[in-house]
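Reviewing the structure listed below.
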Amino acid sequence: MAAPKPPTTTRIQRGINSVIFSPPERNPENNGSSAFYKLGECQDCEALNATLLARIELLTENEIFHRNHFLGGRYENLYVVLDAIPEMRVILDLATAQAAHILDQPKKELVIGWWLNIMRPGDYTYPHTHDDADELLSGVYYIVVPPRSGKLLLTKGSQRAEVEPRAGRIVYFKPDVLHEVMRNESDGSRISIGFNVGPVQT
């Protein structure tokens, strides 16, 4: 049986926060993009991103429960207690719903894991993949993107793509796609979350 499809456009609500859901295939930019990644959008999310930024700026050491990938003088992945950024649940719901469309699987059978990535001026992210477990789809959501803060580079075999980040954009790709982020040449921090979507463990 085919996976159930949500309406073409609907609103995802979490408490007082909400964003507009639209399937990634409706994004016209996907028409000319490579088949090994997809672009999604968080529509109507400017206020939500501002709230996320305010929460991130107030994070304490105790609310960051794990760090890994210490490369280039920084930890690339910061794992944060979700209750410290409760509004993040809206983005995680949206990303999981769009991933369900891409994977053609029911959303209830998928689970998402995420981490925070803060790239300060001069930082970059080293090439890596996410295919070390049972992940089905990987991605990144952009919260704050100063101009010239680094493109996302994706490589799969002979295919290579440069993706321009922007606040509210979600980029989806298979976990075995090699990816990296170019040097942040701006004067501000670029803030995003990385995530993996996998099957619910039974």
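For the reader, a short list of remarks on this structure follows.
- Test result for Ser186, polar (S, T, N, Q), in contact (Cβ under 8 Å) with a residue 12 or more places away in the chain and within 21 Å of Ile91 (Cβ to Cβ): no
- Among the residues of region 137-152, the one identified as surrounded by fewer than 20 Cβ atoms within 10 Å (Cβ to Cβ) and under 14 Å from Val171 (Cα atoms) is Lys151.
- Taking region 50-108 as the range and being closer than 20 Å to Lys174 by Cα, of a type in the set (D, E, K, R) and touching a helix residue (DSSP H, G or I) at 6+ places or on another chain (Cβ under 8 Å) as the test, only Lys107 passes.
- Filtering region 63-79 for residues that are modelled with pLDDT of 95 or more, in contact with a strand residue (DSSP E or B) (Cβ under 7 Å, 6 or more places away or on another chain) and among the acidic types (Asp, Glu) leaves a non-empty set.
- Among the residues making up region 93-113, a single one is crowded, with 21+ Cβ neighbours inside 10 Å and within 23 Å of Phe65 (Cα to Cα): Ala95.
The values are calculated or read from the model by the stated rules, or taken from the named source; none is laboratory data. Since we're looking at a predicted model, the values are computed, not measured. Every residue, glycine as well, gets a Cβ built from its backbone with ideal geometry; the counts of neighbours run over all protein chains shown.
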